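Report on the structure given below.
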Amino acid sequence: MPIVRVALDVPLSTLFDYTVTEGVAVAIGQRVLVPFGRRQMAGVVMECVATTDVAPERIKPVTQALHDSAPLSAGLLDLLRFCSDYYRYPIGQTVLSALPVRLRSDKPVISKPVLSYRLSASGAALDLDTLPKRKVVQRRILAKLAEQPCNLAQLKALSATAGAQLKALMAEGWVESFSGPSIRSIRPSGYSGRTAGSIQRHTLDNAHILTSEQQLAVDAVTQSSGYACFLLHGITGSGKTEVYVHLMHEVLQRGGQVLLLVPEINLTPQLENYFRSRFPDVNLVSLHSGLSEGERLHNWQQAQLGAAQIVLGTRLSVFAEMPRLALIIVDEEHDSSFKQQDGLRYSARDVAIFRANQCGVPIVLGSATPSLESYHNAQSGRYRMLKLTGRALAEARLPAVRCININQTVMHQGISENLLREIQQRIERREQSLLFINRRGYAPVLMCTGCGWLSGCKHCAGKMVLHLNEQRLRCHHCGYQIRVPQACPSCGNADLHPVGSGTQRVESVLQERFPDARILRVDRDSTRNKRAWQIMREQIHANEVDILVGTQMLAKGHDFPALTLVGVLNPDSALYSSDFRAPEKLFAQLVQVAGRAGRADKPGEVIFQTEFPDYPLFRALQTHDFEGWAASQLAERKMAGFPPFVYQAMLRAEGKQENEVYRYLNDARSAAVALQHEVEILGVVPAALPRRANHLRGQLLIQATSRKALQQFLRAWQAQLDALPAAKLRCSLDIDPLEF
Ligand code: ADP
Ligand code: ZN
Ligand code: ZN
C-alpha cells in the first residue's frame, strides 16, 4: 500500500506517515484529512514513499483527500522546505502557516463564485447625458462597464463609494451581475516566454516618458535573463514606482505574473487603487492580513490558478502560489515589517530572493535608503546596483535640511522657538507643516518632584506613558493601564510632572501658541478606526489642516502637496539605543519623513532638533549623502564585527521564573560550546526589555563569518535544544534577527 508523508500543524520537526487506501487518489501537495491523536487534522502531502519506519499495526490510513483546492506545486513545497530548514522551524508549521487560514482548517473550503458586473440591455441603451451631472460616480461606473465587465474591486478603484452607487444602478436595472471572471479569458497554458503567439496586449495608460536613469533601470532588468537581483536605489521622488510599472507592464505583455511586495503600513486601498488604475484591464489581487478569510482564500486561489496577473501583498504573500511568476519586486526593501517577529521568523525579502533564484526570474529591491545588507551585496557585485539620483519631476527639488541645536535655543516644552516661527510663516502662506515625534500619548513618563518616583509598569521593566486626554497611564509594552494618580504612590506628594513629549503634548503646545490653526494629530490612538485615518487624509489633501502632528504613520508613502515644512522633534533618543541597527533605522526613517516635504512645486524645508548637529548622521542627511553615510556605517560594522560582515542567530527565552530562564539559556550555551563549531558564542544576557508582562526575558547571540557555518552549527545545536527541559518557558530561535 502506498505511504504518504504529511505535514501537520504541530510543533514537531517531522512529517507523519499514513497509508493510502485503494481508490483514494492522493497527489503530492494535496490537502488531506488524517487522524492525529484523537482528532482529525488537515495536512499537506509532502512525499509519497514505498516504506516507512512506523510499525504496520500503528500506521493509519488517510481519512480523506480534499479536492477543493488544487495541490501545492513542487516548487512551493521546495520553498517551504527551505524556509523550515533555514529558519529552524518545524516543517508542518511552516507549510501550514504559509497557507490562507481556510486551507489550514479541517473543513473543506467552499469558494463563493466571484461576481462580475456588466451593462444590461437598458443600461447599454442609456444615454449618459440624461443622467444628472452630480451623479459623477454612477457616470464613471457606466462608462467603465461600457468598455468591459468588471468585478467589484475594479469598480471600487474608480471611487470609494462605488459599492453603494453600483447598488443604485442595479436597482435601476442598468447593471446586472453574473458569475465568472471579468477579465478577458486567461490563457490556460504555462508561461511561455517571448513566443509570438503568447503576446497579451496591455495598454500602459498615463505612462510618463521615462527619464534616462529610469530607462536604464528598466532596460537592465528586462534585458537580463534568468535570475538576477537588482537593487534599485533611488532618492525619494525619483520615480521608482514608475520603473516598477514599466517592468510590470513588460512582464504582463509576455503573459507572466508579477509579485509586488510592500511594507505592512504602505498597503492601503490608495496604493491598491493606484496600481489598479495603472493596469485597468489586468486582474490584480492583494494579499494582506486586513482581508477577510474568504477574500484571502479567493485571492490566493486566483494567484494559484494564474488568473491573477499581479499579486500585491505584504510579507505573507511571498508564499503565494504563482505558476507563471516572472518578476518579483520588493518595495522599501529595508523596511523591518518584511521580517516576521513570531512563529516562522522569516524575512520576506530574503525568501523572495531565494524564490526568484529558484524560479529563475529577476527580482528588484527598491529603496531610497537600502538596508546595509543589500547595499553591501550590491557593492560587492552579488546584486546589480541601479541608481536614480534625481527627482523625476524636474521642478521638485530635494528639501533643504538643517539642524537646530536644542542646547542653544529657547525651547517650549520640546519645541524650539525657531521651529515655531517657521510654522507661523507656513500658516501665513497657507502651507502645511508636519511635526514628527515617535511617541504617542502626552509624555513618556510621569515623575514625582518630591521623591523621584517614575511611573513604571508593575508588569514590565518599562515606563507607563501618560495619556492626558484620557487621564490614564498606559504601558505600551503590555497594555496595562491605570488612572493617573492624584498623588505620588510612593511619598504622597501631589506634585507630579510629565517628563518628555509625546504627540498629545505637542498638539497642546501648538494649540496654545496657534489658537486659530487647524491642528491634526495622527497616531495609533487617533486613527483606531480605519475610516478616521481615511477622513484625515482627505482633510489633509483638501488643505483643511495647517499643522500635522504624527508618528511614523505619517512618514511613509503619502503625498501631501501643500506640505512644505517638516520638523523632527526628538530624533536623538535613537542614538542612545543599544541596538547596533538603530542609526541605520533612524537614517531611513528621517529620509522618509524628510521626503514628505516639498514634493510638488513648492520647495520644502526639513528641521531636525538635536543636541548633536555635528553627528555624521545629521551631516549626511543635510547633504543627502546616503553613499557617504552607508560607507561610514559599513566601515564601523566591519570593525565591530556586525552584520553584514557576520551572520547571526538569536536564542530567546522568557518565563515567570528568572532562574528557569537563565538555566535554560546557560545550558543551551554549554551545549553550543561543546559542539566546537566555527562560530562565536556570546554571553547570556537580559533582553533590551528584561521584563515584559511579568515574564523575564533573556537571550543568547551566536555569530559566524559565513552563512553556511552558522547553518551547520544550528542544525547540530537544534537537536540539543530540543532535549533541554523548557516546559514553562517560551523559547525561540531567530535567524538573521532584527530585534535586539
Ligand atoms: P518614489 O517612489 O521614487 O519616491 P514616485 O514613483 O512616487 O517616486 O515618483 C514621484 C513623482 O514623480 C510622482 O508624482 C510620479 O508620477 C512622477 N514621475 C515619475 N516618473 C516620472 C517621469 N518619468 N516623468 C514625469 N514624472 C514622473
Ligand atoms: Zn514621590
Ligand atoms: Zn507593562
note = Across the stretch 439-463, the tally of residues that are surrounded by fewer than 17 Cβ atoms within 10 Å (Cβ to Cβ) and either closer than 18 Å to Arg505 by Cβ or of a type in the set (A, V, I, L, M) (or both) stands at 3
query = Can you pull out the residues in the stretch 101-124 that are modelled with pLDDT of 85 or more and within 13 Å of Val175 (Cβ to Cβ)?
reply = Tyr117, Arg118, Leu119, Ser120, Ala121, Ser122, Gly123, Ala124
note = Only unsatisfied item for Gly390, checking (1) modelled with pLDDT under 95; (2) crowded, with 20+ Cβ neighbours inside 10 Å, is (2)
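Condition first: surrounded by fewer than 21 Cβ atoms within 10 Å (Cβ to Cβ) and either among the small types (Gly, Ala, Ser) or without any contact (Cβ under 8 Å) to a residue 40 or more places away in the chain (or both). Can you find one or more residues in the stretch 601-613 that meet it? Step through it out loud before you land on a result.
Going residue by residue through the stretch 601-613, those that are surrounded by fewer than 21 Cβ atoms within 10 Å (Cβ to Cβ) are 601-603, 605, 611-613.
So of that shortlist, the ones also either among the small types (Gly, Ala, Ser) or without any contact (Cβ under 8 Å) to a residue 40 or more places away in the chain (or both) come out as none.
No: the stretch 601-613 contains no residue that is surrounded by fewer than 21 Cβ atoms within 10 Å (Cβ to Cβ) and either among the small types (Gly, Ala, Ser) or without any contact (Cβ under 8 Å) to a residue 40 or more places away in the chain (or both).
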note = Pairs returned, first residue in the stretch 445-457 that is of a type in the set (Gly, Ala, Ser), second residue that is near ligand 2 (Cβ under 8 Å from one of its atoms), beta-carbon separation under 7 angstrom, 6 or more apart or interchain, are Gly450/Cys488; Gly450/Cys491; Gly450/Asn493
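Out of Val661, Val646, which single residue is crowded, with 17+ Cβ neighbours inside 10 Å, touching a residue at least 40 places away in the same chain (Cβ under 8 Å) and farther than 26 Å from Glu373 by Cα? Show your work before the answer.
Values: Val646 fails: farther than 26 Å from Glu373 by Cα.
Only one candidate passes the filter, namely Val661.
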query = Can you name the number of the only condition in (1) out of contact with any Asp or Glu (no Cβ under 7 Å at 6 or more places or on another chain); (2) at pLDDT 95 or above; (3) on the phi < 0 side of the Ramachandran plot that Arg201 fails?
reply = (2)
inquiry  = Please go through the stretch 483-521 and give me each residue that is surrounded by fewer than 19 Cβ atoms within 10 Å (Cβ to Cβ), within 16 Å of ligand 2 (Cβ to nearest atom) and either under 30 Å from Glu428 (Cβ atoms) or among the hydrophobic types (A, V, I, L, M, F, W, C) (or both), ordered by number.
reply    = Val484, Ala487, Cys491, Ala494, Val499
note = Checked Leu466, Leu510, Leu496 against criteria (touching a Pro at 6+ places or on another chain (Cβ under 6 Å) and away from ligand 1 (no atom under 16 Å from the Cβ)); the one match is Leu466
Those residues of the stretch 685-726 which are closer than 26 Å to His459 by Cβ and touching a Lys or Arg at 6+ places or on another chain (Cβ under 8 Å), in sequence order = Pro686, Ala687, Leu689, Pro690, Arg691, Asn694, His695, Leu696, Arg697, Gly698, Gln699, Leu700
query = Residues of the stretch 215-244 being surrounded by fewer than 22 Cβ atoms within 10 Å (Cβ to Cβ), more than 20 Å from the chain's Cα centre (by Cα) and under 16 Å from Ile310 (Cα atoms), which ones?
reply = Glu242
request  = Please enumerate the residues belonging to the stretch 559-588 that are touching a residue at least 12 places away in the same chain (Cβ under 8 Å), surrounded by fewer than 17 Cβ atoms within 10 Å (Cβ to Cβ) and in a loop (DSSP other than H, G, I, E, B).
outcome  = Asp559, Pro561, Ser578, Asp579, Phe580
task = May I ask you to list the residues in the stretch 626-679 that are in a helix (DSSP H, G or I), under 30 Å from His459 (Cβ atoms) and of a type in the set (Asp, Glu)?
result = Glu658, Glu660, Asp667
request  = Could you look through the stretch 464-479, keep only residues that are within 11 Å of ligand 3 (Cβ to nearest atom) and modelled with pLDDT under 95, and pick out the one that is surrounded by the fewest Cβ atoms within 10 Å (Cβ to Cβ)?
outcome  = Gly479
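Say we look at the stretch 32-58 and pick out the residues that are more than 15 Å from Leu8 (Cβ to Cβ) and among the β-branched types (Val, Ile, Thr); which of these is surrounded by the most Cβ atoms within 10 Å (Cβ to Cβ)? Give the steps one after another, and end with the answer.
Step one: filter the stretch 32-58 for residues more than 15 Å from Leu8 (Cβ to Cβ), giving 48-53, 55-58.
Checking which are among the β-branched types (Val, Ile, Thr) leaves us with 49, 51-52.
Numbers: Val49: 12, Thr51: 7, Thr52: 15.
Result: Thr52.
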task = Considering every residue within the stretch 526-535, establish whether at least one is assigned to a loop (DSSP other than H, G, I, E, B), modelled with pLDDT of 95 or more and either within 16 Å of ligand 1 (Cβ to nearest atom) or among the basic types (Lys, Arg) (or both).
result = no
inquiry  = Let me spell it out: the conditions are (1) under 30 Å from Thr161 (Cβ atoms); (2) part of a loop (DSSP other than H, G, I, E, B); (3) in contact (Cβ under 8 Å) with a residue 40 or more places away in the chain, and His334 meets all of them except one. Which number is the exception?
reply    = (1)
remark   = In the stretch 374-388, residues that are polar (S, T, N, Q) and within 23 Å of the chain's Cα centre (by Cα) total 2
query = Leu388 passes all but one of (1) closer than 30 Å to Pro643 by Cα; (2) out of contact with any strand residue (DSSP E or B) (no Cβ under 8 Å at 6 or more places or on another chain); which number fails?
reply = (2)
query = Can you tell me which of Leu291, Leu305, Leu271 is surrounded by fewer than 20 Cβ atoms within 10 Å (Cβ to Cβ) and without any contact (Cβ under 8 Å) to a residue 12 or more places away in the chain?
reply = Leu291
task = May I ask you to verify whether Ser433 is more than 16 Å from ligand 2 (Cβ to nearest atom) and among the polar types (S, T, N, Q)?
result = yes
task = Return the pairs, sorted by first residue and then second, in which the second residue is within 16 Å of ligand 1 (Cβ to nearest atom) and part of a loop (DSSP other than H, G, I, E, B), the first residue lies in the stretch 470-492 and is over 13 Å from Val445 (Cβ atoms) and aliphatic (A, V, I, L, M), the beta carbons are less than 7 Å apart, and the residues are 6+ apart or on different chains.
result = none
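Does Val95 satisfy the criteria of being closer than 30 Å to Gln341 by Cα, assigned to a loop (DSSP other than H, G, I, E, B) and in contact with a helix residue (DSSP H, G or I) (Cβ under 9 Å, 6 or more places away or on another chain)?
Values: closer than 30 Å to Gln341 by Cα: yes; assigned to a loop (DSSP other than H, G, I, E, B): no; in contact with a helix residue (DSSP H, G or I) (Cβ under 9 Å, 6 or more places away or on another chain): yes.
Spelling it out, it is not the case that Val95 is closer than 30 Å to Gln341 by Cα, assigned to a loop (DSSP other than H, G, I, E, B) and in contact with a helix residue (DSSP H, G or I) (Cβ under 9 Å, 6 or more places away or on another chain).
So if I check each of Val26, Val4, Val101, which one is in contact with a helix residue (DSSP H, G or I) (Cβ under 8 Å, 6 or more places away or on another chain) and aliphatic (A, V, I, L, M)?
So the residue among Val26, Val4, Val101 that is in contact with a helix residue (DSSP H, G or I) (Cβ under 8 Å, 6 or more places away or on another chain) and aliphatic (A, V, I, L, M) is Val101.
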query = In the stretch 664-680, which residues are among the β-branched types (Val, Ile, Thr) and either surrounded by fewer than 20 Cβ atoms within 10 Å (Cβ to Cβ) or within 16 Å of ligand 1 (Cβ to nearest atom) (or both)?
reply = Val673
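Quick check on my filter: what residues within the stretch 208-239 are part of a loop (DSSP other than H, G, I, E, B), away from ligand 1 (no atom under 12 Å from the Cβ) and in contact (Cβ under 8 Å) with a residue 40 or more places away in the chain?
Those that are part of a loop (DSSP other than H, G, I, E, B), away from ligand 1 (no atom under 12 Å from the Cβ) and in contact (Cβ under 8 Å) with a residue 40 or more places away in the chain: Ser224, Gly226, Tyr227.
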remark   = A careful count of residues in the stretch 303-324 that are within 21 Å of Glu264 (Cβ to Cβ) and of a type in the set (S, T, N, Q) gives 2
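How many residues, within the stretch 520-550, are among the β-branched types (Val, Ile, Thr) and closer than 25 Å to Asp572 by Cα?
From the stretch 520-550, those among the β-branched types (Val, Ile, Thr) are 522, 527, 535, 540, 545, 547, 549; that's our starting set.
Next, only the ones that are closer than 25 Å to Asp572 by Cα stay: 522, 547, 549.
Residues meeting the conditions: 3.
The values are calculated or read from the model by the stated rules, or taken from the named source; none is laboratory data. Model, not experiment: these values are computed from the prediction. Please note: Cβ atoms are built from the backbone with ideal geometry, for glycine as well, and neighbour counts cover all protein chains shown.
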